[in-house]
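Heads up, the thing below is written out as structure tokens.
Bear in mind these aren't lab numbers, they're just calculated from the coordinates by the rules spelled out. No experiment lies behind these values; they were computed from the predicted model shown. All Cβ positions, even for glycine, are placed from backbone atoms using ideal geometry, and neighbour counts span all protein chains on display.
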Ligand SMILES: Cc1cc2nc3c(=O)[nH]c(=O)nc-3n(C[C@H](O)[C@H](O)[C@H](O)COP(=O)(O)OP(=O)(O)OC[C@H]3O[C@@H](n4cnc5c(N)ncnc54)[C@H](O)[C@@H]3O)c2cc1C
């Protein structure tokens, strides 16, 4: 580290801000392509919603009829979790809405280890407990990003920046354009996940979808559940389940609202755990075992990019010459208030693509975005936000950033050749199912 303007300074090819699953995959992909990479994360561990938010299941690896659409680094994550005996089998289940869905459940604590292994083995430099606190922009270029750390403020001068902070804090500070919600739409609510157990899964899993739905509705109508759902996944290490049944309608970029939501989320989870114990077969002997480290955030800022991906394009599905990832997760909107879900299933063999241009923020030439803040409408994001797709998009962003940074001259992410990017992703085992 050198000194610049009286503070510690670093120069890297690729700076990845935000160590959720999108950012970690972006960092690993860029490093494996030979770039020097700094991965910045405000907490002391990687994973974001996937670990700190305790989401605990990777959904939708395939179309409803079983055509695989996600592989690459996302599959490697699952293989590495299995080596720790910390991921379940790939399973297909019927949701309370009657739709078929597939998933792999995992232990969020062990995912922290797997992400540590991935970044250190790829040669990524992790900078944990570091929060983005400033950005220096000159014209279309981000010249520097300032990090608040225990050692003081560090200035990083990157050739290319990838914003994977979920809330897209870097681009927000850089004055980028963001998409507005349409009239009548609201941000998807946040959820405080919690672990409950022990559960007698023989009895719990034997509940028919209609019985589960009736129990969920009864809990919602009695005021014990904030949402008419009993969604859960099994913790592979124990006879506990992770429950996704609280609902907090907030804008998580508002510090006061976020603080209130953490407190209200724990209160909702505590009440929901009492309901499980009182009313749900198989849960009579269980207790609340743990809250997620932080309330899970589904949606905040969406950047405006060279292409704004729409729900109509996912539903057609539109074929993009610069498609860099596929997905098959349906449009799944959790309304901010009320108990229900708005869930639009896809056809049996339906998969869609995400174009590279949705990763390029308008007006900037050395920045990319990946994960839950890419350039997509509210409804399109409701499909592509899941972790499988976030990992695939992260892998593409990291690969593109490495290509841009290695091209010589001042990096320009728009000069990355889409065909070469797609070929590289195929060679890496990603971009399957087209
Ligand atoms: C309750 C809930 C249930 C869900 N259920 C499922 C499911 O069942 N299956 C599924 O596949 N997906 C599910 N999802 C969606 C999925 O978890 C997220 O969309 C996905 O994890 C987003 O990943 P990300 O890396 O883009 O963002 P995040 O996970 O939000 O990661 C962003 C990272 O950036 C860091 N960061 C933020 N700001 C800064 C800053 N200023 N400086 C430094 N670091 C910063 C954060 O600490 C975090 O680590 C669910 C989401 C929620 C909230």
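Table for the structure above
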{"item": "Gap separating the Cα centres of segment 1-61 and segment 65-110, nearest whole Å", "result": "23 Å"}
{"item": "Computed lengthening from residue 82 to residue 153, 0.36 nm per intervening residue step minus Cα-Cα distance", "result": "21.7 nm"}
{"item": "Segment 339-434 - percent relative contact order, Cα under 8 Å, separation 6 or more", "result": "26 percent"}
{"item": "Approximate spin-label separation residue 262-residue 89, in nm, with each point projected 7 Å along Cα-to-Cβ", "result": "4.0 nm"}
{"item": "Relative contact order (percent, whole number), the chain, Cα cutoff 8 Å, 6+ residue spacing", "result": "24 percent"}
{"item": "Residue 278 versus residue 65: modelled label distance in nm, points set 7 Å from Cα along the beta carbon direction", "result": "4.7 nm"}
{"item": "Relative contact order (percent, whole number), segment 194-291, Cα cutoff 8 Å, 6+ residue spacing", "result": "41 percent"}
{"item": "Cα pair distances in segment 258-393, grouped into 10 Å bins until the bin that holds the longest one, percent each", "result": "11, 32, 27, 20, 8, 1"}
{"item": "Choice from 49, 65, 157 showing the highest fluctuation, given a GNM over the chain with Cα pairs closer than 10 Å", "result": "65"}
{"item": "Virtual spin-label span in nm between residue 237 and residue 116, 7 Å along Cα→Cβ", "result": "1.2 nm"}
{"item": "Highest-MSF residue in the chain out of 329, 352, 43 [GNM, Cα springs under 10 Å]", "result": "43"}
{"item": "GNM result for the chain, Cα springs below 10 Å: residue of 276, 181, 314 fluctuating most strongly", "result": "181"}
{"item": "Fewest-first sequence of 258, 230, 115 by Cβ atoms within 10 Å of each Cβ", "result": "258, 230, 115"}
{"item": "Ascending count of other beta-carbon atoms within 10 Å, so fewest first, for 164, 377, 399", "result": "377, 399, 164"}
